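Comments concern the structure below.
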């Protein structure tokens, strides 16, 4: 992140002049970045979410380029829009950085942001640039989306529903473990997914139209996120491990069986979509991995694997591991 | 910010359980914080802006409480919505903090955020909580608003327009200078304004309805922000210093004439509204401080005081003063 041209040698306007031309606009954007605020065509209801990544906690420069971080922070925000059944429209970007940060890192980062936004058909609405103490680099994104029908909440899962996932499980966490172990070559797809996660954004609105009763994106691991649906809905979710065998098998060669299963059950940053649907056919692209039932007398809402409670890890921001 | 109960001793969910009940909701809010994203009733066009404050750069704990910072960061964001002619609806809040930060600071901060949002009739839509390296505390806000008519841009000032301001000039900067000099008792109103700036939010949409041709809020000083209107509009703005005499007089007793004038011309963080209107009557609450004319042959768009170019300072984020 250092080396090259430090930001401190430039005016804020010089930095913006390098970044703004890279960022995609949109026909939905009535007022482009540069005024006090952006004006965007949204529709009557707007979906809004925000998420932040911090150097040293959410990424290491040894493992991720500025462009990688741009891709990642956009994906994790847009996944939250999709998980409500929304269609992303635009993002606001904040960079708070040590003035020693290089312009070259910032430009590379802006390319990553821009590519991911363009791929999703999303405009950059505005942003903010601020200086931070030595060593600090922080990127914060707010994403806005439009919602045609009803939002799909975490709280709508019903007994008798099926639990389904769209996308991979455990790949991003496996990539992180391999980077930590210095064995990235063992599973290059997993490492690439850790650097640039993918979320099936189109599938959020599609699941909503298909009648999904609850939905979220897998940010903190299948067990932890599935447990959130169970608690918000007041139900028990039963995962069938046989349905996860392909996910585990895809990672076992690189990590061993135990770590592979742990990645699939508890791996965060995957940004696949997890949803419950009424019994019957699932939309194309989704696969069943379990079911929803009522809690028995005195049983708390929870998530089980083959009928057993499984201790889960997953990330907590303030409590050290 | 330290002392008390460090955040690291708490789960993220424990912290949220302390904060969320303090924050105001709204009937416009279809989905409350806690799901993947918020859903809010906006209208067909949404105004969006984001702004960040960082401990040590934007505030010092010796001078500002957590509640003060809450008030300030909300005001500066909502002022940007008002400056487009928009009416604020909601905010998304991000706190990125050293895990040694005390829960007591965070709760105090949440009270400041909540009070300022409630006063403006604005809901808290969602947010994010992340840990940061030692000593770092950063608060980022994204504000959303609705826009009934056309947005008021910086670029619409026309020759023959009058330049007008709604609100004070220089007060917040005077307060900062007095805090820096250890002489807060010399002008307690200015010091209070530095800690908790005020913006005439209702006057943004009112100015838009009254035909304002350009508008912004005074974030970086009258000369710097007025210069932005001049450049964006391709005009020359002439400030009449006689119109600023009451502003200077209000500060001269505490600071002396020279510093008082400097605060009025260059003081940032004021968040008063600055706008251009066609000749004629101004809306109530606005006062004329100058006029707009065409640039002469070869003259660049610029801002003048009594016909003279005045060197202005004002804040640049990456270049040290």
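The values are calculated or read from the model by the stated rules, or taken from the named source; none is laboratory data. This structure is a prediction, so every number in the text was calculated from the model and none was measured. All Cβ positions, glycine included, derive from the backbone under ideal geometry; neighbour counts span all protein chains shown.
Inspect all residues belonging to region A:286-295 and state whether any of them is assigned to a loop (DSSP other than H, G, I, E, B) and closer than 27 Å to residue A:197 by Cα. Don't jump to the end; show me each part of the working.
First, pick out the residues of region A:286-295 that are assigned to a loop (DSSP other than H, G, I, E, B): A:286, A:294-295.
Narrowing the set further to residues that are closer than 27 Å to residue A:197 by Cα leaves A:286.
Checked region A:286-295: at least one residue is assigned to a loop (DSSP other than H, G, I, E, B) and closer than 27 Å to residue A:197 by Cα.
Selection within region B:103-123: residues that are within 14 Å of chain A (Cβ to nearest Cβ) and touching a strand residue (DSSP E or B) at 6+ places or on another chain (Cβ under 6 Å). The member of this set that is nearest to residue B:20 (Cα to Cα) is B:123. Considering region B:59-76, and only residues there that are surrounded by fewer than 21 Cβ atoms within 10 Å (Cβ to Cβ) and in contact with a strand residue (DSSP E or B) (Cβ under 9 Å, 6 or more places away or on another chain), the residue that is nearest to residue A:138 (Cα to Cα) turns out to be B:61.
Every residue, every condition in (1) outside the structural domain of residue B:301 (by TED's automatic domain parsing); (2) more than 23 Å from residue B:117 (Cβ to Cβ); (3) buried (at least 23 other Cβ atoms within 10 Å of the Cβ); (4) without any contact (Cβ under 8 Å) to a residue 24 or more places away in the chain, yes or no:
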site	(1), (2), (3), (4)
B:203	no, no, yes, no
B:214	no, yes, yes, no
B:222	no, yes, yes, no
B:229	no, yes, yes, no
B:238	no, yes, no, no
B:241	no, yes, no, no
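For residue A:39, the conditions (1) free of Cβ contacts under 8 Å to residues at least 12 places away in the same chain; (2) facing another protein chain (nearest Cβ under 7 Å); (3) part of a helix (DSSP H, G or I) all hold with the exception of (3). Restricting region B:115-136 to residues that are touching a helix residue (DSSP H, G or I) at 6+ places or on another chain (Cβ under 8 Å) and crowded, with 20+ Cβ neighbours inside 10 Å leaves a set whose member that is nearest to residue B:83 (Cα to Cα) is B:120. Quick check: anything in region B:30-52 surrounded by fewer than 19 Cβ atoms within 10 Å (Cβ to Cβ) and closer than 29 Å to residue A:56 by Cβ? So far as region B:30-52 goes, yes, one or more of its residues are surrounded by fewer than 19 Cβ atoms within 10 Å (Cβ to Cβ) and closer than 29 Å to residue A:56 by Cβ.
A single member of A:186, A:146 is more than 14 Å from the chain's Cα centre (by Cα), within 30 Å of residue B:84 (Cβ to Cβ) and in contact (Cβ under 8 Å) with a residue 12 or more places away in the chain, and it is A:146. Of (1) outside any helix (DSSP H, G or I); (2) at the interface with another protein chain (Cβ under 10 Å from one of its Cβ atoms), residue A:24 satisfies all except one. Which? Single failed check for residue A:24: (2).
Listed conditions (1) within 24 Å of residue B:150 (Cα to Cα); (2) within 13 Å of chain A (Cβ to nearest Cβ) are all met by residue B:75, apart from (2).
Restricting B:47, B:40 to residues that are in contact with a helix residue (DSSP H, G or I) (Cβ under 7 Å, 6 or more places away or on another chain), under 18 Å from residue A:42 (Cβ atoms) and assigned by TED's automatic domain parsing to the domain that holds residue B:90 narrows the list to B:47.
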